[in-house]
Amino acid sequence: RELELQDLQTELKLLASTDPMTKLYNRRYFSKIAEDILDLSRRDKKELSLIMVDIDKFKTINDTYGHAIGDDVIIKFADILKQEQRESDIICRFGGEEFVILLPETNMDGARIVAQKIREKTEQTIIKTDTIKDLTFTVSLGVSIVDIEKENNIEEALGRADEALYEAKGNGRNQVRYL
């Protein structure tokens with residue numbers, strides 16, 4: 001009985017911290033863990049970067065192929081992120097078709113390389129559909145460094161990554177930008 005209760009508590013914690021569709025961390029958990037990682041980075045004087053990613057033209061995918069295929073795109077993209085993930089990286093489904101990756105001990109060049117790899121792998125991904133035409137999709141990515149000396153939380157860096165992401169979208173999508 002005690003073991004069943006522990007299993008249930010473990011499952012509840014997992015449900016509270018992860019997105020059910022992708023099994024990635026959710027935004028609430030990301031906010032908590034990001035502050036802990038920022039504190040560690042500051043203490044150890046290690047660089048910290050983040051990448052914000054948005055699936056390009058996701059509404060069009062949903063409208064054209066239906067929500068089931070839209071869900072497949074989100075799940076497939078989450079799988080790409082997991083494949084590219086290092087053990088120390090924190091990946092989160094931030095909302096809808098938007099994702100954030102926190103990269104401990106990573107400078108801007110390292111973060112750009114990771115972002116570019118994710119962009120290329122996504123661009124080469126094919127999703128089978130019921131129609132004659134298979135689906136391909138792209139992502140736009142914004143990269144920023146967390147200023148561990150000056151910033152008290154992760155929000156400013158998230159704002160810069162978001163700005164860079166929208167610059168990538170505004171310049172034609174399927175690209176990496178950084179601020």
Where Lys and Arg each count +1 and Asp and Glu each count -1, what net charge lies around LYS150 among other residues with Cβ under 15 Å from its Cβ? -4
For Cα extents along the principal axes in Å, with candidates (i) 54, 53, 22; (ii) 51, 44, 26; (iii) 82, 32, 27, the value calculated from the shown model is option (i)
In cubic angstrom per residue, the convex hull of the range 44-137 built on its Cα atoms measures 85 Å³
Out of MET21, VAL73, SER41 - ranked by how far each Cα lies towards the positive end of the dipole of the range 1-73, with unit charges on the beta-carbon of charged residues - the top one is SER41
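Going down the list LYS32/LYS117; LYS23/LYS45; LYS57/LYS121; LYS13/LYS76; LYS57/LYS82; LYS45/LYS117, which pairs span over 29 Å between their C-alpha atoms?
Violating the 29 Å Cα-Cα cut-off are LYS23/LYS45.
Coordinate-derived values only; no laboratory data. All figures in this text were calculated on a predicted structure; none of them were measured in a lab. All Cβ positions, even for glycine, are placed from backbone atoms using ideal geometry, and neighbour counts span all protein chains on display.
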